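Next up is a structure, given as structure tokens.
The values are calculated or read from the model by the stated rules, or taken from the named source; none is laboratory data. Predicted, not measured: the structure shown is a model, and the values here were computed from it. So basically every Cβ, Gly included, is an ideal-geometry build from the backbone, and we count neighbours across all protein chains shown. We work out accessible area using only protein heavy atoms, side chains counted, and drop any ligands, DNA or RNA first. Shrake-Rupley method; radii C 1.70, N 1.55, O 1.52, S 1.80 Å.
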Amino acid sequence: MARMIVAIDGPVGSGKSTVARRTAELLAYTYLDSGAMYRAVAWKALRDGVALDSPGHLEEIARKTRIDLVRSPGGLRVLADGEDVSERIRSVTISRAASRVAVAPGVRTHLVEEQRRAGAAGGVVMEGRDIGTVVFPHAGLKIYLDASVEVRAERRRREHQAKGETSDFARVLDEVRERDRRDRERLVSPLERAHDAVLVDNTAMDAEETARLIALLARERGAE
């Protein structure tokens, strides 16, 4: 038995964050949201007026910003240079900006190093788009979480509504398809299923069912 690394990858709207958070609770592991790191860089870039199409400046921000993911009774807290930005990085604006920041090679290279540092001791569930392929290629359990593009778009639309932002389904569907294209075609760490990842299609499953399935798979592989 061991405190393993559970890596969950998948496209936008597949429910990675909710599922990873719940899986961590079921295993009594630490949940690490890799996307929060990219969001924190995006937040700082927008705050400082840095162009999102300037990879050199974005890399400089990433390297100069200390980003800490802190486990707390209220959930995962995200600190940027000691400042709690947990709520501010969850807006639709930051989400869209983060998808552009994430394609900057220097940003990804640096944040991958940080993610490895954060999860090196094991006992973590980390989600993202390159966790099982790049960040932790030797993770004890790799999951590729997916769902139909229509279901993923509807989930995103509901997320936007929950934040008080109106969203037209057709527009969100276009955004999801564009995000998929950008994630899969980027030069560094493109989104792809690791050869040894378990495919979990949760088109017809809710987050609780998905998390319980993944926790079961982890225990079957000897998760402590």
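Where Rh is the Kirkwood radius over the Cα pairs of the chain, the temperature 37 °C and the viscosity 0.692 mPa s, what D in µm²/s does Stokes-Einstein return?
187 µm²/s
Leaving ligands and nucleic acids out of the surface, order 150, 87 by accessible area at 1.4 Å, largest first. Kindly include the intermediate steps, with their values, before the conclusion.
Numbers: 150 90, 87 155 Å².
Reading off the accessible areas and sorting them downward yields 87, 150.
Taking all protein chains as present, what is the carbon and sulfur share of the accessible area of the range 162-224, in % to the nearest whole number, probe 1.4 Å?
51 percent
With θ taken as phi - 60° and the coefficients 6.51, -1.76 and 1.60, list the Karplus ³J(HN,Hα) couplings across the range 171-187 in order, rounded to whole Hz; mark glycine and proline as x.
My calculation for the range 171-187 gives 5, 5, 4, 4, 5, 5, 5, 5, 5, 4, 4, 5, 5, 7, 9, 5, 6 Hz in order.
Peptides 180-186, 15-21, 151-157: what's the order by average Cβ count within 10 Å, highest mean first?
Numbers: 180-186: 14.7, 15-21: 23.4, 151-157: 20.6.
Per-residue Cβ counts within 10 Å, averaged per peptide and sorted highest first, yield 15-21, 151-157, 180-186.
Over the Cα atoms of the range 1-104, Rg to Rh with Kirkwood Rh, two decimal places? Intermediate results must be reported in sequence, preceding the final value.
Values: Rg = 14.4 Å, Rh = 14.6 Å.
Rounded to two decimals, Rg over Rh is 0.99.
Quick one: check the C-alpha center-to-center distance for the range 39-60 versus the range 184-224, whole angstrom.
Centre-to-centre (Cα) distance: 30 Å.
Same structure, new question: For residue 116 and residue 217, FRET efficiency with R0 = 25 Å and r from the beta-carbon atoms, rounded to 0.05?
0.65
Still on this structure, please answer the following. I'd like to check one number: the per residue accessible area of the chain, probe 1.4 Å, reported in Å² as a whole number.
So the chain comes to 46 Å² accessible per residue, rounded to a whole number.
Straight-line reach from residue 44: which lysines have a Cα under 30 Å away, not including same-chain ones fewer than 8 places off?
Here the lysines satisfying the reach criterion relative to residue 44 are 16, 64, 163.
Let me see the P(r) profile for the range 66-148: every Cα-Cα distance counted, bins of 10 Å, each bin given as a percent of all pairs.
14, 43, 39, 4
Rounded to the nearest 0.05, what FRET efficiency is calculated for residue 224 and residue 87 with R0 set to 30 Å and r the Cβ-Cβ distance?
Result of the calculation: an efficiency of 0.35.
Can you compute the helix-only [θ] at 222 nm over the chain? Use -39500 (n - 2.57) per DSSP H run of at least 4 residues, normalise by all residues, nearest 500 deg cm²/dmol.
-15000 deg cm²/dmol
So for the chain, averaging the separation of alpha carbon pairs under 8 Å that are six or more residues apart and normalising by length, what relative contact order in percent results?
With pairs under 8 Å counted, the relative contact order is 35 percent.
Taking +1 at the Cβ of each Lys and Arg and -1 at the Cβ of each Asp and Glu, which of 120, 153, 141 sits farthest along the dipole of the range 117-168 towards its positive end, judged by Cα position relative to the Cα centre?
Result: 120, furthest along the dipole toward the positive end.
Tabulate in residue order the Karplus-calculated ³J(HN,Hα) for the range 103-112, using 6.51 cos²θ - 1.76 cosθ + 1.60 with θ = phi - 60°, rounded to whole Hz; enter x for Gly and Pro.
8, 6, x, x, 5, 4, 4, 5, 5, 4
Run the dipole for the chain about the Cα centre, Lys and Arg Cβ at +1, Asp and Glu Cβ at -1, nothing else charged, and hand back the magnitude in debye, nearest 20.
Charge dipole of the chain: 240 debye, to the nearest 20.
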